[in-house]
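*Asks:* Please read through the structure below; I'll follow up with questions.
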Amino acid sequence: MSKIGVFICHCGENISATVDCGKVAEVAGKLEGVAYSTDYKYMCSDPGQTIIKQMIKEKGLDGVVVAACSPRMHEPTFRKACSEAGLNPYLCEMANLREHCSWVHDKSDATTQKAIDIVRTLVEKVKHNKPLSTIKVPVTKTALVIGGGIAGIQASLDIANAGHQVVLVEKEPSIGGHMSQLSETFPTLDCSQCILTPRMVEVAQHPNITLMTYAELEKLDGFIGNFKATIRKKAKSLDEKLCTGCGLCTTKCPTKKIPSEFNEGLGYRTAIYVPFPQAVPNKPVIDKANCSYYQKGKCKVCEKVCPTGAIRFDQEDELVELEVGAVVVATGFNVMTTSEFSEYGYGKYPDVITGLQFERLASASGPTLGEIRRPSDGKIPEKIVFIACAGSRDPAKGKPYCSKICCMYTAKHAMLYQHKVHHGESYVFYMDIRAAGKNYDEFTRRAIVEDKVNYLRGRVSKVYEENGKLIVKGVDTLLNAKPVEIEADMVVLASAGVANPGSEELAQKMHISYDAYNFFSEAHPKLKPVETNTAGIYLAGACQAPKDIPETVSQASGAAAKVAILFSQNELSREPVVAVVNRSAPPLYSTCVGCFMCATACPYNAIGEEEIKDRKGNVIKKVAKVNPGLCQGCGTCVAFCRSKSIDLDGYTNEQMYSEVMALLNE
Amino acid sequence: MTKLGFYPGCSLTGSSREYNESILVISKAAGIELVEIPDWNCCGATAAHNLNHELSVSLPARNLALAELAEMEELVVPCAACYNRLVMTQHELNENESLLATVSEKLQYKLKNDIKILNVVQFLEKYILPQLDELVKKPLSEDVACYYGCLLVRPNKVMKDARFEDPMSMDLIMQKLGAKAIDWPFKTECCGAGFSVSKTEIVGELSGRIVRSAVDRGAKAIVVACPMCHSNLDMRRPAIESYLKRKVDIPVIYITQAIALAMGLTPKQAGLQRHFVPVNLSVTQN
């Protein structure tokens, strides 16, 4: 006869608003094998946990059912409480009355009855629970950081400074990311490059950081503490040891008219190139898609001029396998291009540009060396219109979210323009000014009051070109709401921040979740903002959602701290929810017949062979053996096994059947 | 001979008879018979959907029902406003079961609501364009401005034109006729629509800006596919000229008239004599 305790949580009003918790406790108390039951407002709180601990001791409970929220939320909490009271934590189960019942039904007797049924099934399960012990696995104290923008740089430096090894992988030829493209940064107007480039150099020189540029994640296997990552190092067509970074090849390359990614298409680069002069590493790569030699078989000018003979046309991509204990994903974001805006000309007007392009025009390292000149004819625009929320907060564009950074950078752009073109006029069309942040609102006020930027609250319906001017048709919704037409020389779209192309594919490679807009999902929106749902993989920066530099850096340091916490342990305790092949007395030894269907079905390559030998060492039988370090407890092998020889600890067939039978035998 | 259902609507029997005449004459030349819905009624136009939602759906629904009873599978609706009302009705009834039940009750007929409704451009693309190479006898040569107006490509959630801010369908047809369709920004701007009667000066301004843009960008004709657009750009020329403070003699023709002319039919067969602004193009000269 079991002695099970049932503890019903109200979850404030989350459960008790639709479920009669008192009644559930009363009925549960009468179930066979239940020795004690009660309800309480917040079972997860200290007094709530104390009730559970006291009752385990007082009543000598041998099983516990906590009927509360999802086990995702508080199973560890309650199992820990049971363990502290001397009960094996795997004898504690959670009945999910919140997500599975109270949140999805209206208040009624039927809702309470469903709650009772859920509790009943778990009571039956617990009767068959067996004490389990956690599995210890070692931790590889090397972190993989994917993405070399400011998020990846910050995370790498923090982890490396904590004394751990870091491999930083960046898909472009240089680290630096979008921050390296920015001119000045809000709200202080300090130069982006001046604060970023020293950090880039620090990364390159740090003894604990291995930098892999022009490289991408190919594959990620394993689990927390024990990942196996395959990195594709794309062929740079260069022997990096021989290259001195003199740059002669880039000046002599005859293919000079390739739109520069770094300059957002507002300038050109050569086929063998360094993205920008302050690049780290400051060594070129050959862009095969645009190189005459790779495309037409002729040229090799770079090879001829290279004083050290560093060019390697026959170099191939290299696959590198790494063992890492944690992964920080910091792959950043992108912005919508002007071609996605039908109403602003589908990208056909060269002087309608994105905010990121404006950064390049305003940057001292940009194509105009920091002078604001419009792309079409290089003239200094006398009148600029900035359109905030271009795409953002616009369900018609499929982006109902706020991109968060645009209000601030648009104010900054208008300010920079006014500082550089004193007689110029600037207009900002906006929906709301969202300038929440330290010194942020003061900054936008400064643009309006001191720099005389004209803020118009309203949307722009259309931009078209007439007689060399861009006609901006909008509306001023304040005071008499009237249509406004501005003849502008240049229009800057604060276009929505979007996930990088390939984000979805990358998320699938790593088995992390992503949202409807392909931004990576955090494990909990409030309490686990840097974790993903996959243990050991953390998020930093705008790959999660658009965010500004201070927030990105904070999150990157947060992710680094999580990695450091993980690496502070020599071994990890893993949930003992793993598949086990049964053993029985001789002469059978095991019902496993050694067909190894399970091994073909296992997605984690966790199943191998085991030889059962007699005392003389003769092999009697070959059976399947699950490596508990690799098994993820998915249960696929259990379903595949023809002789029912594999079972999943914690979720045995017996436990599952007893849950179902509890419902059927009502 | 291909037979298609046809809903002319009120404009095509009155102020835009030439639109009706030209679509019929080119259809005939292409071996297509357009069969009018028997006993068709008003689509409800702007008045109904401003005043009574159920009526604004019931009126077009009756026409759809009559077309179904006449076993029409496709229905050609040249007037952009009629087309918009019929398509929106079909869309709404497909989305809203209770409205469909109410309307069916009124009509004493259960709508299948699956008839394919074609506007003039969709009709031309499907039935005339494939034969155009053979049918064009006298290609056009002028630069023209294709003016789509507000109703042909909107609302986008129903029409799903990928380039609803800068549609190209009429431009491509005009290029097939030998004309050059200019790139201009007023393709879908409002002409002033129903203000034609009540506030003519507003139409003068809105249509005036459209006409000015077409003329300034070198167009020799404006090509339309909507009776309302046509009457505002053509009949309201005095109001337009008083807004622009200059004479503008650019003609406004229906896309079906352009096709008729390119087919070598006479200006009279195309109905050009019914316009206020005389149409003088290279194809009308000899």
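*Asks:* For region A:428-472, evaluate the Debye formula with one uniform point scatterer on each Cα (no solvent term) and list log10 I(q)/I(0) at q = 0.15, 0.23, 0.33 Å⁻¹, rounded to two decimals.
*Replies:* For region A:428-472 at q = 0.15, 0.23, 0.33 Å⁻¹, log10 I(q)/I(0) is -0.53, -0.85, -1.13.
*Asks:* Ok, one more. Per Stokes-Einstein, at 4 °C and 1.567 mPa s, what whole-number D in µm² s⁻¹ belongs to region B:132-286, with the Kirkwood radius over Cα pairs as the hydrodynamic radius? Please list the in-between numbers first.
*Replies:* Values: Rh = 15.7 Å.
D = 83 µm²/s.
*Asks:* Could I ask something else about it? Using just the helices of the protein assembly as shown, give the 222 nm mean residue ellipticity in deg cm²/dmol: DSSP H runs with n ≥ 4 each add -39,500 (n - 2.57), and the total is spread over all residues, rounded to 500. Before the final figure, lay out the partial values.
*Replies:* On the way: 33 runs with 312 residues, N = 952.
-9500 deg cm²/dmol, from helical runs alone.
*Asks:* What FRET efficiency would be calculated for the residue pair B:R163, B:L55, taking the C-beta separation as r and a Förster radius of 35 Å, to the nearest 0.05?
*Replies:* 0.55
*Asks:* Taking amide H atoms as placed 1.01 Å from N in the peptide plane, list the residues 5 or more away in sequence, or in a different chain, whose amide H sits under 5 Å from that of A:K528.
*Replies:* Here nothing satisfies the definition.
*Asks:* Okay, next question. Would you mind calculating the relative contact order of region B:137-285 from Cα pairs under 8 angstrom and at least 6 residues apart, reporting the percent as a whole number?
*Replies:* Result for region B:137-285 is 28 percent.
*Asks:* Quick check on the protein assembly as shown: of the DSSP beta bridges with both residues there, what percent are antiparallel, nearest 5%? List each step's numbers first, then the result.
*Replies:* Details: 56 of 123 bridges.
Close to 45 percent.
*Asks:* Mind checking the full-extension length gain between A:T134 and A:K59? Use 0.36 nm per residue of separation minus the Cα-Cα distance, one decimal, nm. Show your work: numbers first, answer last.
*Replies:* Details: separation 75, 0.36 × 75 = 27.00 nm, distance 2.59 nm.
The A:T134-A:K59 span can extend by a further 24.4 nm.
*Asks:* Could you tell me how far the Cα centroid of region A:544-608 sits from the Cα centroid of region B:97-173, in Å?
*Replies:* About 57 Å separates the Cα centre of region B:97-173 from the one of region A:544-608.
*Asks:* Which of the GluC sites (Glu not before Pro) found in region A:286-382 are loop residues per DSSP with 15 or fewer other Cβ atoms within 10 Å of their Cβ?
*Replies:* On the way: sites: A:E303, A:E316, A:E318, A:E321, A:E323, A:E340, A:E343, A:E359, A:E371, A:E382; in loops: A:E316, A:E371, A:E382.
Here the GluC sites (Glu not before Pro) that fit, given the DSSP loop and packing criteria, are A:E316, A:E371, A:E382.
*Asks:* Local charge sum around A:K399 (other residues, Cβ-Cβ under 13 Å, Lys/Arg +1, Asp/Glu -1)?
*Replies:* Numbers: positive: A:R393, A:K397, A:K404; negative: A:E340, A:D394, A:D515.
Taking every other residue near A:K399 into account, the sum is 0.
*Asks:* For A:T338, A:T251, what ranking results if the residue with the fewest other Cβ atoms within 10 Å of its Cβ goes first? Let's see the in-between values first.
*Replies:* Values: A:T338 23, A:T251 11.
Result, fewest neighbours first: A:T251, A:T338.
*Asks:* Same structure, new question: Can you give the convex hull volume of the alpha carbon atoms of region A:128-252 per residue, in Å³? Kindly include the intermediate steps, with their values, before the conclusion.
*Replies:* Working: hull volume 22.5 nm³, N = 125.
So the per-residue Cα hull volume is 180 Å³.
*Asks:* Compute the distance from the alpha-carbon center of region A:285-326 to that of region A:477-504, in whole Å.
*Replies:* With region A:285-326 and region A:477-504 each reduced to a Cα centre, they are spaced 41 Å.
*Asks:* I need B:C42, A:C637 ordered by Cβ neighbour count within 10 Å, fewest first. Mind dumping the intermediate values first?
*Replies:* Values: B:C42 15, A:C637 26.
If I rank by nearby Cβ atoms, fewest first, I get B:C42, A:C637.
*Asks:* Do you know the relative contact order of chain A, to the nearest whole percent, from alpha carbon pairs under 8 angstrom that are 6+ apart?
*Replies:* Working: 1449 pairs, mean separation 83.6, N = 666.
Answer for chain A is 13 percent.
*Asks:* Do any of A:K53/A:K526; A:K420/A:K482; A:K234/A:K296 go past 23 Å between their Cα atoms, and which?
*Replies:* Working: A:K53/A:K526 28 Å; A:K420/A:K482 31 Å; A:K234/A:K296 21 Å.
With Cα atoms farther than 23 Å apart: A:K53/A:K526; A:K420/A:K482.
*Asks:* Enumerate by residue number the chymotrypsin sites (Phe, Trp or Tyr not before Pro) in region B:174-280 meeting two conditions: DSSP loop (anything except H, G, I, E, B), and at most 15 other Cβ atoms within 10 Å of the site's Cβ. Intermediate values should be presented prior to the final figure.
*Replies:* On the way: sites: B:F186, B:F195, B:Y243, B:Y254, B:F276; in loops: B:F186, B:F276.
When the chymotrypsin sites (Phe, Trp or Tyr not before Pro) of region B:174-280 are filtered for loop state and at most 15 Cβ neighbours within 10 Å, B:F276 remain.
*Asks:* At a temperature of 25 °C and a viscosity of 0.890 mPa s, determine how fast region A:380-537 diffuses translationally according to Stokes-Einstein, using the Kirkwood radius over alpha-carbon pairs as Rh; express D in µm²/s, rounded to the nearest whole number. Numbers along the way, then the final one.
*Replies:* Numbers: Rh = 17.7 Å.
Roughly 139 µm²/s, to the nearest whole number.
*Asks:* For chain B, take the longest principal axis of its alpha carbons; what is the angle in degrees between that and the long axis of helix B:97-107, to the nearest 10 within 0 to 90?
*Replies:* 90
*Asks:* Oh, and also: Go ahead and collect, in residue order, the members of region B:1-32 whose backbone nitrogen is under 18 Å from a label point 7 Å along the Cα-Cβ direction of B:R274.
*Replies:* Those under the cut-off are B:6-29.
*Asks:* Turning to a different aspect of this structure: With N set to the number of residues, divide the alpha-carbon radius of gyration of region A:4-133 by 2.2 N^0.38 Å and report two decimals. Don't skip to the end; give the middle numbers.
*Replies:* On the way: Rg = 13.2 Å, N = 130, 2.2 N^0.38 = 14.0 Å.
The value comes to 0.94.
*Asks:* Moving on to the next point. For region A:248-305, compute the orientation-averaged projected area of the C-alpha convex hull (one quarter of its surface), in nm². Could the numbers behind the result be given before it?
*Replies:* Working: hull surface 15.3 nm².
Mean projected area for region A:248-305: 3.8 nm², to one decimal.
*Asks:* Just to be sure I understand: with springs between alpha-carbon atoms less than 10 Å apart, which residue in B:V76, B:V35, B:V252 has the highest mean-square fluctuation in the Gaussian network model of chain B?
*Replies:* Of B:V76, B:V35, B:V252, the Gaussian network model singles out B:V35 as fluctuating most.
*Asks:* What is the percent of Cα-Cα separations in chain B that go past 27 Å? Write out the running numbers ahead of the final one.
*Replies:* Numbers: 15782 of 40755 pairs.
More than 27 Å apart: 39 percent of the Cα pairs in chain B.
*Asks:* Please compute the alpha carbon radius of gyration of region A:247-347, then divide it by the globular-protein estimate 2.2 N^0.38 Å. Two decimals is fine.
*Replies:* Working: Rg = 17.6 Å, N = 101, 2.2 N^0.38 = 12.7 Å.
Scaled against compact globular proteins, the figure is 1.38.
*Asks:* Using the Kirkwood radius built from alpha carbon pairs, what does the Stokes-Einstein equation give as D for region B:2-120 at 4 °C and 1.567 mPa s, in µm² per second? Could the numbers behind the result be given before it?
*Replies:* Numbers: Rh = 14.4 Å.
Answer, rounded: 90 µm²/s.
*Asks:* What is the sum of charges, Lys and Arg at +1 and Asp and Glu at -1, for the other residues whose Cβ falls under 11 Å from the Cβ of B:R274? Intermediate results must be reported in sequence, preceding the final value.
*Replies:* Values: positive: B:R17, B:K268; negative: B:E18, B:E21, B:D234.
Result for the neighbourhood of B:R274: -1.
*Asks:* Hey, another quick one. Lysines near A:K621 by alpha-carbon distance under 27 Å, same-chain residues fewer than 8 away left out - which ones?
*Replies:* Candidates past the 8-residue exclusion: A:K613, A:K644.
*Asks:* Quick check of the Kirkwood formula: for region A:343-392, what is the inverse mean of 1/r over all pairs of different Cα atoms, in Å?
*Replies:* Details: mean 1/r = 0.0855 Å⁻¹.
Taking the inverse mean of 1/r over all distinct Cα pairs, region A:343-392 comes out at 11.7 Å.
*Asks:* Now for a different question. Using a simple charge model, +1 on the beta-carbon of Lys and Arg, -1 on the beta-carbon of Asp and Glu, nothing else, what dipole does region B:205-286 show about its Cα centre, in debye to the nearest 20? Don't skip to the answer; put the middle values down first.
*Replies:* Numbers: 11 positive and 5 negative charges, 30 e Å.
The dipole magnitude comes to about 140 debye.
*Asks:* For a footprinting-style exposure proxy, rank A:Y401, A:Y464 by other Cβ within 10 Å, fewest first.
*Replies:* On the way: A:Y401 17, A:Y464 21.
Ranking A:Y401, A:Y464 by Cβ neighbours within 10 Å, fewest first, gives A:Y401, A:Y464.
*Asks:* Give the span of region A:107-198's Cα atoms along each principal axis, as three whole-Å numbers ordered largest to smallest.
*Replies:* Ordered largest first, region A:107-198 gives principal extents of 64, 42, 23 Å.
*Asks:* Separate question: How big is the protein assembly as shown on each of its three principal axes, counting only the C-alpha atoms and giving the largest first in Å?
*Replies:* 111, 85, 63
*Asks:* Out of region A:499-584, which GluC sites (Glu not before Pro) are coil in DSSP terms and have no more than 16 other C-beta atoms within 10 Å?
*Replies:* Numbers: sites: A:E504, A:E505, A:E522, A:E531, A:E551, A:E571; in loops: A:E522.
Qualifying residues, ordered by number: none.
*Asks:* In addition: No solvent, one uniform scatterer per C-alpha: report log10 I(q)/I(0) for region A:502-576 via the Debye equation at q = 0.19, 0.22, 0.28 1/Å, two decimals.
*Replies:* Reported log10 I(q)/I(0), two decimals: -0.82, -1.03, -1.35.
*Asks:* Mean projection of the alpha-carbon convex hull of region A:579-648 over all orientations, in nm²?
*Replies:* Values: hull surface 18.0 nm².
Projected over every direction and averaged, the Cα hull of region A:579-648 covers 4.5 nm².
*Asks:* While we're on this one: On a 0 to 90° scale, report how tilted helix A:440-449 is relative to the longest principal axis of chain A, with both axes built from alpha carbons and the result rounded to the nearest 10.
*Replies:* Approximately 20 degrees, to the nearest 10.
*Asks:* Enumerate the calculated ³J(HN,Hα) couplings along region B:160-176 in order (Karplus 6.51 cos²θ - 1.76 cosθ + 1.60, θ = phi - 60°), each rounded to whole Hz, writing x wherever the residue is Gly or Pro.
*Replies:* 6, 7, 5, 10, 5, 8, 8, x, 10, 4, 5, 4, 5, 5, 4, 5, 4
*Asks:* Something else: Given Cα pairs under 8 Å that are at least 6 residues apart, what percent is the relative contact order of region B:2-120? Before the final figure, lay out each step's value.
*Replies:* On the way: 169 pairs, mean separation 35.1, N = 119.
Over region B:2-120, the number comes to 30 percent.
*Asks:* Residue by residue through region A:569-580, what is 3J(HN,Hα) from phi via Karplus (6.51 cos²θ - 1.76 cosθ + 1.60, θ = phi - 60°)? Round to whole Hz and write x for glycine and proline.
*Replies:* Once rounded to whole Hz, the list reads 9, 7, 9, 10, 8, 10, 3, x, 7, 9, 7, 9.
*Asks:* Here is a further query. Once you wrap a convex hull around the alpha carbon atoms of region A:461-532, what is its projected area averaged over all directions, in nm²? The partial results should precede the final answer.
*Replies:* Numbers: hull surface 34.2 nm².
Mean projected area for region A:461-532: 8.6 nm², to one decimal.
Every number here is computed from the coordinates shown, using simple stated rules; none is lab data. Please read all numbers here as calculations on a predicted model, not as lab measurements. No Cβ is skipped: glycine too gets one built from the backbone with ideal geometry, and neighbour counts run over all protein chains shown.
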